[in-house]
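The values are calculated or read from the model by the stated rules, or taken from the named source; none is laboratory data. Keep in mind it's a predicted model, so treat the numbers as computed, not measured. As a convention, Cβ positions derive from the backbone with ideal geometry for all residues, glycine included, and neighbour counts pool all protein chains shown.
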Amino acid sequence: MKRFTGMLLAFALLLPGLTTFANSSTQDGPKKGIKVKSTTNEDGQLEVRLINLQKEDTTVKLEDMDGNEYYRKLIRNHNGFARSLDLNDLANGRYMLTVAQDGQKWVQVVLIDDDTVRLSKVVAKS
């Protein structure tokens, strides 16, 4: 009985993390230590965090599937970056969040469907 109670408690502690997993994604880059993390919240914001950029030029952009850009930022001489992007004014559809640095790309699909925003996993591309 104690073992069952302990397992139930462990599951209860893990449950909040599992429910937010669908709205967040993290990917280590091909370079050692670079991380791309994005999350959404109830207010229609996309939180983008980049960690350990090694002070190299890095570009972040959000565009629709037709290539129309809604956000672009060139980051220079910084090790990190954090930005909140307001998705409320964007039409329903699929968008691509792309992070590019030194010939490497990290891509994530952002799906907006009415009041719901879903994120794919971040995929590293060479």
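For LEU46, state whether it is at pLDDT 95 or above and exposed (fewer than 13 other Cβ atoms within 10 Å of the Cβ). If you could, list the steps in order and put the result at the bottom.
Numbers: at pLDDT 95 or above: yes; exposed (fewer than 13 other Cβ atoms within 10 Å of the Cβ): no.
Spelling it out, it is not the case that LEU46 is at pLDDT 95 or above and exposed (fewer than 13 other Cβ atoms within 10 Å of the Cβ).
In segment 51-71, which residues are of a type outside the set (Gly, Ala, Ser) and under 25 Å from THR116 (Cβ atoms)?
Filtering segment 51-71 for residues of a type outside the set (Gly, Ala, Ser) gives 51-66, 68-71.
The answer is VAL60, LYS61, LEU62, GLU63, ASP64, MET65, ASP66, ASN68, GLU69, TYR70, TYR71.
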**Item:** Pairs where the first residue, in segment 46-64, is over 27 Å from ARG94 (Cα atoms) and of a type in the set (Asp, Glu) and the second is part of a loop (DSSP other than H, G, I, E, B) and modelled with pLDDT under 95, C-beta under 7 Å, 6+ apart
**Value:** GLU56/ASP102
**Message:** Of all residues being within 25 Å of ASP43 (Cα to Cα) and not aliphatic (A, V, I, L, M) in segment 107-126, which is surrounded by the fewest Cβ atoms within 10 Å (Cβ to Cβ)? Just the residue, please.
**Reply:** ASP114
